[in-house]
Amino acid sequence: MTTNLTGEAHRPGRIEVVCGSMFSGKTEELIRRMRRAQFARQRVEIFKPAIDTRYSEDDVVSHDQTHIPSTPLDSSASILLLSSDIDVVGIDEAQFFDNGLVDVCNELANRGVRVIVAGLDMDFRGVPFGPMPALCAIADDVTKVHAICVKCGSLAYVSHRKVASDRRVLLGETGEYEPLCRECYQIAIAADASQAVDTDSDGAK
């Protein structure tokens with residue numbers, strides 16, 4: 001048992017979750033923590049969902065183009081197979097993984113691995129997303145980061161989808177999503193509903 005710089009009694013195995021809306025800096029924070037681990041000469045491995053190819057098929061890339069090499073995977077179970085002899089495991093866009101990710105992270109932490117997870121806590125409807133709620137519940141530490149509401153400048157609450165689609169998973173950037181505070185989000189979804197009614201009325205004529 002050692003003591004870290006904050007005076008906390010430190011054990012290697014732990015789960016750290018970084019969550020928030022889109023454009024809040026989740027991936028930047030994940031990359032920052034992973035690079036600090038690399039500077040400390042720890043053995044690290046970073047994973048992301050194979051479906052996330054927005055900036056790169058292989059690298060984890062933040063919105064400000066900071067990047068770090070990663071391994072794309074289709075299943076959370078593969079993380080266990082690829083994490084032997086690893087000190088720190090990073091997982092980006094965790095909301096896109098299956099719910100088995102919760103058990104995977106627990107098993108890694110119980111083995112003594114530091115697990116750093118970044119992901120959206122809610123989808124565009126404001127509903128808790130994928131395995132993220134359970135990961136927040138079992139985490140040793142949860143950091144919620146915030147984007148800035150593009151309408152009023154308050155802290156953002158959720159990612160509002162600007163395009164018409166009911167698909168829960170729809171990869172996109174500023175053209176498809178915008179961070180909004182709770183109040184501006186309520187105004188936006190009311191406007192979306194009104195526009196949908198108008199569109200349906202026009203189509204019925």
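Compute the length gained on full extension between VAL163 and ALA40: take 0.36 nm times their separation in residues and subtract their Cα-Cα distance, giving the result in nm to one decimal.
39.9 nm
Quick one: which residues, 5 or more positions from LEU73 or on another chain, have an amide H under 5 Å from its amide H? H modelled 1.01 Å from N in the peptide plane, none for Pro or chain starts.
Correct list: LYS48, ALA50.
Express in whole angstrom the spacing between the alpha-carbon centres of segment 90-140 and segment 175-192.
If we compute the Cα centre of each part, the gap is 25 Å.
Take ARG114, ARG125, ARG33 and sort them by solvent-accessible surface of the protein heavy atoms, 1.4 Å probe, largest at the top.
Sorted by accessible area, descending: ARG125, ARG114, ARG33.
I need the phi-derived Karplus couplings for segment 90-105: 6.51 cos²θ - 1.76 cosθ + 1.60, θ = phi - 60°, integer Hz, Gly and Pro marked x.
With the stated coefficients, segment 90-105 comes to x, 10, 9, 6, 4, 5, 8, 7, 6, 5, x, 4, 4, 5, 4, 5 Hz.
Go ahead and run the numbers for FRET between ASP98 and CYS152, Cβ-Cβ distance against an R0 of 22 Å, rounding to 0.05.
0.05
Quick one: go through segment 31-50 and flag any residue whose amide nitrogen is under 20 Å from the point 7 Å out along the Cα-to-Cβ line of ASP87.
Residues 31-47 fall inside that zone.
Considering amide H positions built from the backbone, and no H for Pro or chain starts, which residues 5 or more places from ARG14, or on another chain, come under 5 Å of its amide H?
Under 5 Å from the amide H of ARG14 lie the amide H atoms of VAL113, ARG114, VAL115, each far enough along the sequence or on another chain.
The values are calculated or read from the model by the stated rules, or taken from the named source; none is laboratory data. All values reported here derive from a predicted model rather than from experimental measurement. Using ideal geometry, Cβ is built from the backbone for each residue, glycine included, and neighbour counts are taken over all protein chains shown. Heavy atoms of the whole protein, side chains included, go into the accessibility calculation; ligands, DNA and RNA do not. Shrake-Rupley method; radii C 1.70, N 1.55, O 1.52, S 1.80 Å.
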